Amino acid sequence: MTATTRIRVLSDSVINKIAAGEVVDRPASVVKELLENALDAGARQIEVAVVAGGRESIVVTDNGIGMSRDDALLSIERHATSKIAEVEDIERIATFGFRGEALAAIAAVSRLSLRTCPQGSDAGTEIQVVGGRIQDVRDVGGPAGTRITVRNLFFNVPARRKFLRTEATELSHIRQVFLLYALAHPHVGLRWLTDEREAYRAPAGATLEQRIRDLFPNLPPDLLRPVEGERAGVRVTGYAGLPQLGRSDRSEQYLFVNRRPAGAPLIGFALNEVYQTLLPRGRYPVVFLFIDLDPERVDVNVHPTKKEVRFRDGGAVRDAVIEALRAALSAAAAIPAPSLPGAAAAPWPASPPAPAFPAVLAPISDLPPPRAFAYPRRSLAPFPIEPEKSAPARDAPAAETPSTSKSPWAWCRILGQVGGLFVVLETEDGLVLMDPHAAHERVLYERFLRQALAGGFSSQGLLSPETIELPAHIAPMVRRNLDVLTGLGFGLSEFGGDTFIVDAVPAMLGPISAREMLMEAAQSSDQGGARGGAERWTIERVAQAACKAAVKAHDRMTLEEIERLVVDLAATEMPYTCPHGRPTLMHLGFNELHRKFGRT
C-alpha cells in the first residue's frame, strides 16, 4: 500500500461486527430477532429462556417449519433470506424479517448454536458458530422446529459489552419485547423463563382480551374500552384506556402495524388529539392499538430495527385512528370486543352487575338531607316499612336522564357539600366526591364544542384591522390553510411577503392577541390537515372558553344547581375528567370503606 492510499476494503469480520451494531445492541435485540424468525417460520409454540439478563445465554425454541441442512447453513450468511426475491418485494413486505441480517449479525458477536429439524423429517442439523466463523456442522435428531442458543454475547466486542446495563435493566427490556410479540400474536403460545424460573406463560389459542388479562393481571378490565373501526381501507382495533388509567410515561402504549410492533409520529399525534382533553399534560393513555392495511401502503424499511414505519397516506391512517378511538371512548352502546385473525372470539369480562335492591325503600324522612334526587334512591335492608311512591317523572325529564352505559353511576343521591366546594354523592358502589368547577367545565366544554363543530365560529370584527408580520416558517402555513382559517372565523387577507391583514377573529373565544391566535391556528391546521387541525385548534380554544365560564371554586351553589350539574355531567360523553384532564370525580367504594374500618 502506497503512502497516498488511505481508502481500504474492510475484512468480512470487521464488516459483520459493524453491521451487528445496527441490528444487535443488547440482549433484548437478540430476543426480538429470534422471536420474529420463529413467528415467520409459522411456530405455534415458542419458549424464551435467558440467564443473567441475557449476558450469559439466550435460548429461543420454536415448533415452526424448521430448515434443511443447506438452508440452515445459508441462514447464518449475510443477506440470505427466504422472505424476498426481487427489489419490488420490498414494497409489499408481509413478514417480520426480510433483510437476511439478523442471524449473521448475532453469530458475529456471540457463540451461537443452531439446531433445526424440518417438519416431517427424522434427521436435523446442528451448527456451531463462534464469532461469525463456523466451527462444526453435524446431523442430529430431535423434534421438528428450531432451537437457537446464543452464549457470551459481545464476547469479542468488549467495548460493546461494557455498555450493557445491569441485569435488572436488561431483563426489563427483554420483558418489553416479550410482551409486544405476545400481544401481537395471541393465537401463539409463548413462555418466558429467566434463570430457570418461569416469568410468563401465555397459552396458545387466546383472544386479544384474554392475552391482555394474562399479561397484565393488575390492569382493571372495566377501565379499557374496545376499539373497532375502519376508514379508507385502514382498520383499527384493540383497546383504549379510560383517563383513570393515565400513566406518567408512554411505556404502556402498545402499537402494532400489520401485527408488527412499530410506531410512527402521526400515531402519537392521533393519540394526543383524542386524549388532549381527557388527560392533563404529562400524563399518557394506556392503549393496545392494532392498525391493519394493505402492505403496499406502508414502508417498513425505514429504520434498521424496524421500530418505525412510514405510511403512503399518513392522513388516512391518522384520521382512522382518531375516529376509532373517539368512538370507543364516547360510544353509548357497547362495541363488540375485537380479536385478531385466527383467534376464537370470547367476550371481555363484563363489569359487575348492579346489585338487585329489595322492593322496600326507606321513607324520605329516614334519609339524610337534602331531599330525594331524581335518580332512584338507595334502598335499605328489607325491614317492614311501607314503601314510598317513586318520585314523579316530572322531577327528571326523560330527555335528561343519562344513559347507564355512559353515566358513572346507575343511580345517585346528593348528600351535601364539604369545605364549601366538593359535592358528596352516594351511588350504588359507594361514595363519590365531585369537583363542581371541573364538572361544570366538562359540561360546558361538550356543549360549546357541539355548537362550534356544527356551525363553526362566528366572526367578531376588529375596531381597526391589524397588520401582522409572521415568522418566515409560519407564513407558508397560513397561506396553505387560508380556507380553513376563514372557516374558523378569521377575516384574513395577504398583504405581501409574510404580512397579513386580520380584520376579524372568532367571536366565542374572548380577548386574545389576533397574532397569537392566528399562529396557533395555522400551526395546528398544518400539522393535522384541514379537518383534523381545525378540530384540534377548536378543541383547545373551546376548552379555554369552558374553563373561563365554569363555576369557580367556593362559589355558592344551591341544591337545584348541584342537581342540575350532576344530571348534566352524567349525560356527557366523558364525565370523568375536565377538558384539561383533571378528574371531575373521585370514587370511594364500599369495599374500600370496609377495609379501612377493619370489616371483612
*Is it true that residue 246 is closer than 26 Å to residue 571 by Cα and at pLDDT 95 or above?*
no
*Among the residues of the stretch 150-175, which ones are under 18 Å from residue 111 (Cα atoms), surrounded by fewer than 18 Cβ atoms within 10 Å (Cβ to Cβ) and hydrophobic (A, V, I, L, M, F, W, C)?*
155, 159, 164
*asked:* Residue pairs, Cβ under 7 Å, 6 or more apart or interchain, first in the stretch 247-260 and without any contact (Cβ under 8 Å) to a residue 60 or more places away in the chain, second surrounded by fewer than 19 Cβ atoms within 10 Å (Cβ to Cβ) and of a type in the set (D, E, K, R). List them.
replied: 247/283; 248/283
_Just checking, does the stretch 561-570 include any residue being at pLDDT 75 or above, closer than 19 Å to residue 284 by Cα, crowded, with 20+ Cβ neighbours inside 10 Å and in contact with a Ser or Thr (Cβ under 7 Å, 6 or more places away or on another chain)?_
no
*For residue 228, work out the one condition from (1) part of a strand (DSSP E or B); (2) surrounded by fewer than 20 Cβ atoms within 10 Å (Cβ to Cβ); (3) assigned by TED's automatic domain parsing to the domain that holds residue 105; (4) in contact (Cβ under 8 Å) with a residue 24 or more places away in the chain it doesn't fulfil.*
(3)
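For the stretch 187-197, indicate whether the set of residues that are surrounded by fewer than 14 Cβ atoms within 10 Å (Cβ to Cβ), in contact with a strand residue (DSSP E or B) (Cβ under 9 Å, 6 or more places away or on another chain) and not in a loop (DSSP other than H, G, I, E, B) is non-empty.
Of all residues in the stretch 187-197, those surrounded by fewer than 14 Cβ atoms within 10 Å (Cβ to Cβ) come to 195-197.
Now restrict to residues that are in contact with a strand residue (DSSP E or B) (Cβ under 9 Å, 6 or more places away or on another chain): 195-196.
Adding the requirement that they be not in a loop (DSSP other than H, G, I, E, B) leaves none.
No, the conditions are met nowhere in the stretch 187-197.
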*Determine whether residue 553 is outside any helix (DSSP H, G or I), modelled with pLDDT of 80 or more and farther than 28 Å from residue 319 by Cβ.*
no
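Assess whether residue 323 counts as being modelled with pLDDT of 85 or more and closer than 22 Å to residue 225 by Cβ.
yes
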*Has the stretch 207-215 got at least one residue that is loosely packed, with under 14 Cβ neighbours inside 10 Å and outside any helix (DSSP H, G or I)?*
no
*With 154, 178 as the choices, which residue is assigned to a loop (DSSP other than H, G, I, E, B), among the aromatic types (Phe, Trp, Tyr) and touching a residue at least 40 places away in the same chain (Cβ under 8 Å)?*
154
*Just give me the residues in the stretch 190-208 being closer than 22 Å to residue 53 by Cα and not β-branched (Val, Ile, Thr), in sequence order.*
190, 191, 192, 193, 195, 196, 197, 198, 199, 200, 201, 202
*Consider residue 588 carefully, then state whether it is of a type in the set (A, V, I, L, M, F, W, C), closer than 23 Å to residue 279 by Cβ and at pLDDT 75 or above.*
yes
*Just wondering, is there one or more residues in the stretch 106-122 that are charged (D, E, K, R), surrounded by fewer than 19 Cβ atoms within 10 Å (Cβ to Cβ), in contact with a strand residue (DSSP E or B) (Cβ under 8 Å, 6 or more places away or on another chain) and at pLDDT below 95?*
no
*Filter the stretch 558-570 for residues that are among the aliphatic types (A, V, I, L, M) and more than 13 Å from residue 414 (Cα to Cα) and give the result.*
569, 570
*Quick one: would you say residue 234 is β-branched (Val, Ile, Thr), under 26 Å from residue 575 (Cβ atoms) and modelled with pLDDT of 90 or more?*
no
_Criterion violated by residue 201 - all others in (1) within 16 Å of the chain's Cα centre (by Cα); (2) surrounded by fewer than 17 Cβ atoms within 10 Å (Cβ to Cβ) satisfied_ = (1)
*Does any residue in the stretch 443-455 that is closer than 17 Å to residue 581 by Cα come within less than 8 Å, Cβ to Cβ, of a residue that is modelled with pLDDT of 80 or more and of a type outside the set (A, V, I, L, M) six or more places away or on a different chain, and which pairs are these?*
443/568; 443/572; 445/277; 445/578; 445/579; 446/572; 446/573
*asked:* Take the residues in the stretch 250-281 that are closer than 27 Å to residue 576 by Cβ and among the basic types (Lys, Arg); name whichever of them is surrounded by the most Cβ atoms within 10 Å (Cβ to Cβ).
replied: 250
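The values are calculated or read from the model by the stated rules, or taken from the named source; none is laboratory data. Just so it is clear, the model here is predicted, and its values are computed rather than measured. Using ideal geometry, Cβ is built from the backbone for each residue, glycine included, and neighbour counts are taken over all protein chains shown.
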